[in-house]
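Everything below concerns the one structure shown next.
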Amino acid sequence: MDAARSAAGIRALPDPLLCAIFALAGRPEGPSLTLVSKHWRRCFFACPGLWSSLTLRPLPPSSPDAAAWLAGKRVLLRRVGPSLQELSLLCAEEPEEGADLSGGEGRAAAAAAGAPPAGSAAPPSAAAFQLAALLDSLQPQLLPQLRSLAVDFTQLPAGAAATLRPLGQLQGLALHSRGPAAIPAEVVQTAAQSLRHLTSLELSSFSARLPALPQLARLSALVELVLTEGQSDEGDEEEVPASPELEAWQAPPMQPPAPASFPALKLCQLSSRPSLMQVAGQYLHALELAVTPGGEAELFVSGLRSSDGSALATLLAAALPPSAGTSLTQCCLNNCWLAAGQLQGAGALAPLRALSVQSCKSQQLEEALAELLRQAPRLTELRVIECLGASVPACVQQRGGLRSLFLSWNRRLRALPPGPYLADLRELSLFGTGFRALPPAITAAGALTALSLANTELALTSQDIELLASRLPQLRRLNLRGFGPDSIRTPASVLHTLRARMPQLQVL
């Protein structure tokens, strides 16, 4: 009697409570839970807490269980489709030796579908067949809540565009080509024409060129846009001419729509390496834009190559979204060919608070830097990394109001002249510079709280300790590290005196 009453009580549990229990148990318990009863099986596969997101990675074509896996996953998609909101289909990977390739719920679902038994030979072109079969399962009536789809592939099946066309409810789409095959142009065209509710779009092709992209400008609801062509690191970027001959040097370049074409855009990452792309007529390697909820924009530009008299101004106008209240507060120019003439009309720099110029080479670099500073009157943080010669440029020396100054990795820099730029500094980095002695002008930075002398040939002396203690009373952090455990050049006795004279100072 007690056993019967207990069984009846279990069967009487309401479905929401069962789903909550199943969600706590997790998917690995599925093969056991679904054997209890047909009711439990139905509840397990209908539990939103378990099936709101799903990631499928096909078994490698060499696996004897590939056919059974595929049949099982197609059944699984039909079962959990009403709850599914996010779906990721990944490339198959060759297994490690001794790995279990079968998968729990795949076996159970495959058996229920009458799939070929484990050990059946995989058909020719199995990887492409698997992905095509999974994409064929993405029917809107079976996936009413699907909002996000990500597909990692080596070759996208021919019918991919037809699969996407009816999925008009999608808000997120990511397509990643890992092999030599390109993303088909008709897929991009379908996304632009049919998926008008997209708020997030990511297209990446590591070996092939991306198709024409101007039609993406139709996606006016986009909040996030990521377009990546190639996979080289920044250090592998090709040396390219800084002249109009670029058009003949590379044709045709990737031509993404200007970020300003999307009124709701908050995050944009455009990258083409090692070759170049073209944005608003300007050649460059990468452009990244992030806009905070408060309307503050951060912009990263890498590899800008142009002799256009207003190149940077044109690029800024194309990058910044037109929404009212958006202002550029942080800007990083990396590996760009800069000249003063490029900055004509760059009024978008006026609200700038932080500017970083990294690895930029030009015979007119100092003039370009002076023009940048002139157009950014509110600047409080300046980074000039791996750009300078033996001394700090005059335009920087005369700049007041700076709170942070980073002059890192300028190996030839050995002079720190006096000037207004030191008066308000709270943070100064001479990391990786050529200084061999503490520059006397540093005593003018009386408000300094953080100083980095790391990775230099500088060794502090007893006289330096007296100078720091008397002239930099607000100093709280001093970095003397180099590379390696015993890389601090300052003698231990001098460090002991420093800690005694300035007990509030953290010495790294």
Spot the failing condition for LEU333; the list is (1) among the hydrophobic types (A, V, I, L, M, F, W, C); (2) in a strand (DSSP E or B); (3) within 22 Å of VAL223 (Cβ to Cβ), and only one is missed. (3)
Checking the condition assigned to a loop (DSSP other than H, G, I, E, B), assigned by TED's automatic domain parsing to the domain that holds PRO503 and touching a strand residue (DSSP E or B) at 6+ places or on another chain (Cβ under 8 Å), which residue from LEU451, LEU413 passes? LEU413
Considering residues that are at pLDDT 75 or above and under 23 Å from GLN85 (Cα atoms), the number found within segment 25-40 is 1
Top-ranked residue of segment 138-160 - restricted to ones that are aliphatic (A, V, I, L, M) and under 27 Å from the mean Cα position of the chain (by Cα), ranked as nearest to LEU84 (Cα to Cα): LEU146
Qualifying position, being modelled with pLDDT under 90 and buried (at least 22 other Cβ atoms within 10 Å of the Cβ), among ALA242, ALA311, ALA280: ALA311
For residues that are within 13 Å of PRO259 (Cα to Cα) and part of a loop (DSSP other than H, G, I, E, B), tally how many sit in segment 201-225. 6
Of these, GLN169, GLN141, GLN155, which one is out of contact with any strand residue (DSSP E or B) (no Cβ under 7 Å at 6 or more places or on another chain) and modelled with pLDDT of 90 or more? GLN169
Check segment 368-390 and report whether any residue there is in contact with a Lys or Arg (Cβ under 7 Å, 6 or more places away or on another chain) and not in a loop (DSSP other than H, G, I, E, B). yes
Scanning segment 453-466 for residues that are without any contact (Cβ under 8 Å) to a residue 40 or more places away in the chain and crowded, with 16+ Cβ neighbours inside 10 Å, the one nearest to the chain's Cα centre (by Cα) turns out to be ASN455
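From the list GLU237, GLU229, exactly one residue is crowded, with 16+ Cβ neighbours inside 10 Å, modelled with pLDDT of 75 or more and acidic (Asp, Glu). Which is it?
Details: GLU237 fails: modelled with pLDDT of 75 or more.
On inspection, the qualifying residue turns out to be GLU229.
The values are calculated or read from the model by the stated rules, or taken from the named source; none is laboratory data. For clarity, every value in this text was computed on a predicted model and none was experimentally measured. Cβ sites come from the backbone with ideal geometry, for glycine too, and all protein chains shown count toward neighbours.
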